[in-house]
Amino acid sequence: MSGVIKLRIDDDGIAWMKMHDEVSKNTFSKGFVENFLDTMDELETFKDSIRVMVLQGLYDVFCAGADEDTLVALTKGKVLVRDIALSERLINLEFPVIAAVEGHAMGGGLAIASCCDIVVAARESRFGAVFMSMGFTPGMGVTTLLSELVGPYIASEMMFSAKRFRISELERMGTNINHIVAKIRVLPVAKDIARQIADKNPKSVRLLKHALSAKKKKLLIEARMQEDLMHRISFNYPETLENIRDSYIK
């Protein structure tokens, strides 16, 4: 699993963090999560030289959320969702984060996109809050943060139905996603926004980031409280483990 998260910091202060697990398609395996958190630690050591960060995944999959082993461990109480602290680490970064979503974002992968400050998404790809398709309730802050990204009514439909919405469909329904563009345009648009931000006074940018992220931090805390309670119940339903295993067989 070594090196599934790639980090590059350019001379202009733009950091590029890429989730690059081509084998497992950026699922939250134990190694992926550890590598992600190690990269967060590395970012902290360079934070004074970073003005903005672009977070990207693979061309076909931005991030797919938890893998089967992690989900099974959750049903058996060996792992707690709150231990997968990727949402907190992203929201608490001191500089703006742009999600460059070229591929699909599912489950916890959609949570990661929701934690970013600006989202650029490919019209051809899909967003899915797919938790309920496996019998357990949403986590990682999705119950509150998804509404910020797509609006409350669309978020409710996404969570209840677990439908994988094409982003072009969300575009027609109306969302808060900053830019919905052709897949080939995602990185150029994200790069242009990053350059505009990097050109500004970094001290003022950080001050603004602190102010604007306060709401999301509060929403994440609220979400974690209610999500942890729901998880203690829904992960213990006997049919949840069966649903998880069936979904991965398919």
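Points worth noting:
- Of the residues in region 172-180, none is surrounded by 17 or more Cβ atoms within 10 Å (Cβ to Cβ), among the small types (Gly, Ala, Ser) and under 21 Å from the mean Cα position of the chain (by Cα).
- Count of residues meeting criterion [within 19 Å of Ala99 (Cβ to Cβ) and either surrounded by fewer than 17 Cβ atoms within 10 Å (Cβ to Cβ) or among the β-branched types (Val, Ile, Thr) (or both)] in region 1-41: 13
- In region 30-70, of all residues being of a type in the set (Gly, Ala, Ser) and within 15 Å of the chain's Cα centre (by Cα), the one that is farthest from Ala121 (Cα to Cα) corresponds to Ala66.
- When region 45-81 is limited to residues that are touching a Gly at 6+ places or on another chain (Cβ under 6 Å) and assigned to a strand (DSSP E or B), the one that is nearest to Thr240 (Cα to Cα) turns out to be Ala66.
- For region 82-127, filtered to residues that are assigned to a loop (DSSP other than H, G, I, E, B) and polar (S, T, N, Q), the residue that is nearest to Lys200 (Cα to Cα) is Asn92.
- Scanning region 160-167 for residues that are within 30 Å of Ile14 (Cα to Cα) and modelled with pLDDT of 95 or more turns up at least one hit.
- Residues satisfying the stated conditions in region 42-78, i.e. polar (S, T, N, Q), farther than 20 Å from Val130 by Cβ and crowded, with 22+ Cβ neighbours inside 10 Å: Gln56
- Matching residues in region 184-214 - criterion: being of a type in the set (Val, Ile, Thr) and loosely packed, with under 15 Cβ neighbours inside 10 Å: Ile184
- Taken residue by residue, region 158-175 has no member that is closer than 16 Å to Ile118 by Cα, of a type outside the set (Phe, Trp, Tyr) and without any contact (Cβ under 8 Å) to a residue 12 or more places away in the chain.
- Residue list for region 194-250, filter: of a type in the set (Gly, Ala, Ser) and in contact with a Pro (Cβ under 8 Å, 6 or more places away or on another chain): none
- Hey, Val81 more than 20 Å from Val130 (Cα to Cα) and either buried (at least 21 other Cβ atoms within 10 Å of the Cβ) or at pLDDT 95 or above (or both) or not: no
- Of all the numbered requirements in (1) of a type outside the set (Lys, Arg); (2) touching a Ser or Thr at 6+ places or on another chain (Cβ under 9 Å); (3) surrounded by 22 or more Cβ atoms within 10 Å (Cβ to Cβ); (4) in a loop (DSSP other than H, G, I, E, B), Thr143 misses one, and that requirement is (4).
The values are calculated or read from the model by the stated rules, or taken from the named source; none is laboratory data. None of the values given here were measured: they were computed from a predicted structure. A quick note on method: Cβ atoms are made from the backbone with ideal geometry, for glycine too, and the neighbour counts reach across all protein chains shown.
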